[in-house]
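See structure below.
Since every read-out is calculated from the coordinates, none of them should be taken as a lab result. Here the structure is a predicted model, which is why all the values come from computation and not from measurement. For neighbour counting, all protein chains shown are included, and Cβ atoms are generated from backbone atoms with ideal geometry for every residue, glycine included.
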Amino acid sequence: MTTLFLTVGLPGAGKTTRARQLAEEHSALRLTPDEWMLPLFGDPQPAGKRDVLEGRLLWVGLEALKLGTDVILDFGCWSRDERSAIRWLVMSVGASCRLVYVPVDLETQRTRITHRRSTTPDQTFAMSEADLVHWRTQFEEPDATELDGHEVDGHEIGGPPPGWAGWLDWAADRWPSLA
């Protein structure tokens, strides 16, 4: 059975470093939106483009899983709903999903982002102290159920948020280019 490894964490946590390690360990396809934004759009954070790009990369990842290739999805996935939708999509193509949570404390995050901006400014986007603090309030840390895989193996991914017929509808709205 093919596996999608989903990295979860805030900017500067080390998700891409971990994704590179996983790709090498599992001979997997690594899909990292940050590496596509600048070449495609000339801007590391163009308004309205990231969700479209993530949708296409998610689509490519699902196709690769169907073909028997493991995939590393290096998105961050701050919300439980995003993670649940991706797990549902992965299960719908007959693959398994493994969350790879990369936690980071605020001081380490600051240090890493400062280093990244000074050494590879063309490969990242500006992040203020206010951004870092605000993002921490938006991030939904995965709980033990998500991390130990019971939710996936037991097929107990709950339903989508109210107002959505299913996870596919929710995902297509979140990532408009998925379908």
* **Virtual paramagnetic centre 7 Å along Cα→Cβ of L106, amide N under 17 Å, in segment 134-148** => 134-141
* Give me the percent of Cα-Cα pairs in the chain that sit more than 31 Å apart, rounded to a whole number. => 13
* Label 7 Å along Cα→Cβ of Q138; segment 1-37 residues with amide nitrogen under 20 Å? -> 7-16, 32-37
* To do: May I ask you to derive the relative contact order of the chain, considering only C-alpha pairs under 8 Å and at least 6 residues apart, and to give it as an integer percent?
  => 34
* Structure fact -> For the chain, longest principal axis from Cα atoms; helix 129-138 axis from its Cα atoms; angle between them, nearest 10 degrees, is 20
* How far is helix 80-92 tilted, in degrees, relative to the longest principal axis of the Cα atoms in the chain, given as a value from 0 to 90 rounded to the nearest 10? -> 50
* To do: Over every pair of different alpha-carbon atoms in segment 1-87, take the mean of 1/r and invert it; report that Kirkwood radius in Å.
  => 13.3
* Under the rule of -39500 (n - 2.57) per DSSP H run of 4 or more residues, summed and divided by the residues of the chain, what mean residue ellipticity at 222 nm is obtained, to the nearest 500 deg cm²/dmol? -> -15000 deg cm²/dmol
